[in-house]
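Presented below is the structure to which this report refers.
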Amino acid sequence: MTRNPDLDRQARAILVRNDRGGYTVPTNGLYPFQWNWDSAFVALGFATFDRARAWAEIETLVSAQWEDGMIPHIIFHQQDEGYFPGPDVWATGRTPPTSGITQPPVLATIVRALWEADGADPDCPRMQRLYRACLASHRWFHTYRDPLSNGLVMVTHNWETGRDNSSEWDDALARVDTSGVQPYQRRDTGHVDAAMRPEQQEYDRYVAILQFGRAAGWDHRAIADHGPFRMIDVGMSMELLRANRDLLALAEAQGDYPVAGELRARIVLSERGMKWLWNEDAGAFCSRDATTGESSGLVTNASFLAFYAGVGNAAQHARLIAALERMAQSARYLLPSLEKGSRAYDHRRYWRGPVWLVVSYMVAQGLAEQGHADWAERIRADSARLIETAGFYESFSPETGEGSGGPDFSWTAAMWLAWCGR
Ligand code: GLC
């Protein structure tokens, strides 16, 4: 049931306008290429009015998958001078050009949702092809990104997490040597207010990490072993665990028993490994540095993905719900990306406070599945109110509801259609 036909129309129009033929740009101008996890969420939006187009979005994404299994975080389908770092900076030597890093593995979860909405036919060729692509991508994570062999996900660039400038990365980034950073011209601050974007010093570090990967010829083993940034991300660890559960459902449906066994073993490993991320003082699952073992101690929106991943005992869930209650008291709109009062909190600056609807969606889905329908509904209703008052922005202030980042954003439109506007 739809609540606001006018906003439905606007949301569909945004997706159609941002469609570049088989893939959708996150927003015109600021992000002129195809982004990995954006496309996954965008497919959910398309699925509400054009199922074939939804599948195509993901098929275009995986067409740029690397031989080692990695699905890149950006695919540069066309030239555009308005973005830094562009294909020449990444220099991955691929056709089409891509970045050399990945993004959150939410694809299998979304493929499963599309497939179920299409009638869950185990012989569906589109599902089968994407199943194989997702399996290769998950195996890439298991092979290259599990240095502690505990089923968690290590990232080698903060951009991989999708929560680019979250303060979870601050301590690790502070150790990155920027002395070799070659001169460059940022483009993001030409599109949106600099107060909403990462600071210059942070950006230099992002570039330094990129340069390390490039100098290593994008050898993922070398980068994982020796890279300057090695964080175990709570968000991606939870997302991959969830995605492995969904991939397992697809394996079982097709009778692919060897893979089903492999995935079950990974799931058990990750469920156990997640204990290492629990921070008793913070009362939450937190990201940890793979090199120093240090916990960020920060409660972010990604901490609540524990529900979505199906991990945590009753006591841990109670602490997480208490954190949600605190956030609900200090913010007008759930779910902020960082708790107010945390160091570096800024209600307008990117992932240091603003609400991002794709994370809110996953958290709400997990809360509903784990018996917290009231909290799921609160997050959904707040998300809808943000769009109703501000429009389809990239993110929103949890205090004022004002939109931040780019306007007419594809994944925000998709979340309206597939979730909060329904
Ligand atoms: C920003 C976000 C990232 C997203 C990208 C495109 O970099 O932090 O999560 O994928 O924009 O929307």
Of the conditions (1) surrounded by fewer than 16 Cβ atoms within 10 Å (Cβ to Cβ); (2) at pLDDT below 95, P198 satisfies every one except a single condition; which number is it? (1)
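Please determine, by comparing only the residues of region 85-104 that are within 13 Å of the ligand (Cβ to nearest atom) and under 18 Å from the mean Cα position of the chain (by Cα), which one is nearest to M238 (Cα to Cα). Don't jump to the end; show me each part of the working.
Filtering region 85-104 down to residues within 13 Å of the ligand (Cβ to nearest atom) leaves 85, 99, 101-104.
Then drop every residue that is not under 18 Å from the mean Cα position of the chain (by Cα), which leaves 99, 101-104.
Working: S99: 23, I101: 19, T102: 16, Q103: 13, P104: 10 Å.
Only one residue fits best here, namely P104.
Scan E81, E67, E116 and give me the residue that is over 20 Å from the mean Cα position of the chain (by Cα), modelled with pLDDT under 95 and among the acidic types (D, E).
Numbers: E67 fails: modelled with pLDDT under 95; E116 fails: modelled with pLDDT under 95.
Answer to the selection: E81.
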In the list P122, P87, which residue meets the criterion of being surrounded by fewer than 19 Cβ atoms within 10 Å (Cβ to Cβ) and over 21 Å from A56 (Cβ atoms)? P122
Which of the residues that make up region 265-284 are open to solvent by 60 Å² or more (accessible area, probe 1.4 Å) and in contact with a helix residue (DSSP H, G or I) (Cβ under 8 Å, 6 or more places away or on another chain)? E271
Complete set of residues in region 37-56 that are away from the ligand (no atom under 14 Å from the Cβ), of a type outside the set (A, V, I, L, M) and buried (at least 18 other Cβ atoms within 10 Å of the Cβ): F46, T48, R53, W55
Within the set of pairs 6+ apart or on separate chains, which have a first residue in region 12-29 that is of a type in the set (G, A, S), a second that is open to solvent by 50 Å² or more (accessible area, probe 1.4 Å) and within 14 Å of the ligand (Cβ to nearest atom), and C-beta atoms under 8 Å apart? G29/H191
Are there any pairs, at least 6 apart or on different chains, whose C-beta atoms fall under 9 Å, with the first in region 354-371 and of a type in the set (D, E, K, R) and the second in a helix (DSSP H, G or I), and if so, which? E369/F307; E369/Y308; E369/A376
Within region 285-389, which helices (runs of 4 or more DSSP H) (wholly inside it) include 2 or more residues that are within 16 Å of the ligand (Cβ to nearest atom)? 357-369
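Would you call L107 within 15 Å of the ligand (Cβ to nearest atom), within 23 Å of L248 (Cα to Cα) and not β-branched (V, I, T)? Break it down into steps so the answer makes sense when it comes.
Values: within 15 Å of the ligand (Cβ to nearest atom): yes; within 23 Å of L248 (Cα to Cα): yes; not β-branched (V, I, T): yes.
Criteria met by L107.
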(1) part of a loop (DSSP other than H, G, I, E, B); (2) within 16 Å of the ligand (Cβ to nearest atom) all hold for W411 apart from (1)
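Take the residues in region 389-422 that are aromatic (F, W, Y) and over 18 Å from R17 (Cβ atoms); name whichever of them is least open to solvent (accessible area, probe 1.4 Å). Steps first, answer last, please.
Within region 389-422, the first condition is being aromatic (F, W, Y), and the residues that meet it are 392-393, 396, 409, 411, 416, 419.
Checking which are over 18 Å from R17 (Cβ atoms) leaves us with 396, 419.
Details: F396: 0, W419: 32 Å².
Looking at the filtered set, the residue picked out is F396.
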Is there a residue in region 197-215 that is touching a strand residue (DSSP E or B) at 6+ places or on another chain (Cβ under 6 Å) and on the phi < 0 side of the Ramachandran plot? no
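If I ask for residues that are at positive phi and within 16 Å of the ligand (Cβ to nearest atom), which ones from region 397-408 would you list? Please lay out each step first, then the result.
Taking region 397-408 as the starting set, the residues that turn out to be at positive phi are 401, 405, 408.
Scanning region 397-408 gives G405, D408.
Would you be able to say whether some residue in region 59-69 is within 14 Å of the ligand (Cβ to nearest atom) and crowded, with 22+ Cβ neighbours inside 10 Å?
Pass one, region 59-69, residues within 14 Å of the ligand (Cβ to nearest atom): 61.
Checking the rest, the ones that are also crowded, with 22+ Cβ neighbours inside 10 Å come to 61.
Among the residues of region 59-69, at least one is within 14 Å of the ligand (Cβ to nearest atom) and crowded, with 22+ Cβ neighbours inside 10 Å, which makes the answer yes.
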Quick one: in region 143-172, of everything that is within 12 Å of the ligand (Cβ to nearest atom) and open to solvent by 10 Å² or more (accessible area, probe 1.4 Å), which residue is nearest to P228 (Cα to Cα)? W159
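Let's see how each residue does on (1) aromatic (F, W, Y); (2) in a loop (DSSP other than H, G, I, E, B); (3) within 15 Å of the ligand (Cβ to nearest atom); (4) free of Cβ contacts under 8 Å to residues at least 24 places away in the same chain:
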{"residue": "P183", "(1), (2), (3), (4)": "no, yes, no, yes"}
{"residue": "A195", "(1), (2), (3), (4)": "no, no, no, no"}
{"residue": "P198", "(1), (2), (3), (4)": "no, yes, yes, no"}
{"residue": "Y203", "(1), (2), (3), (4)": "yes, no, yes, yes"}
{"residue": "V207", "(1), (2), (3), (4)": "no, no, yes, no"}
{"residue": "A222", "(1), (2), (3), (4)": "no, no, no, yes"}
{"residue": "M236", "(1), (2), (3), (4)": "no, no, yes, no"}
{"residue": "A243", "(1), (2), (3), (4)": "no, no, no, no"}
{"residue": "L247", "(1), (2), (3), (4)": "no, no, no, no"}
Mind listing whichever residues of region 8-36 are open to solvent by less than 50 Å² (accessible area, probe 1.4 Å), over 18 Å from Y83 (Cα atoms), part of a helix (DSSP H, G or I) and not β-branched (V, I, T)? D8, A11, A13, L15
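The values are calculated or read from the model by the stated rules, or taken from the named source; none is laboratory data. Remember, it's a predicted structure, so these values are computed and weren't measured experimentally. Positions of Cβ are generated from backbone atoms using ideal geometry, with glycine treated the same way; all protein chains shown enter the neighbour counts. Side chains included, ligands, DNA and RNA excluded: accessible areas come from the protein's heavy atoms. Shrake-Rupley method; radii C 1.70, N 1.55, O 1.52, S 1.80 Å.
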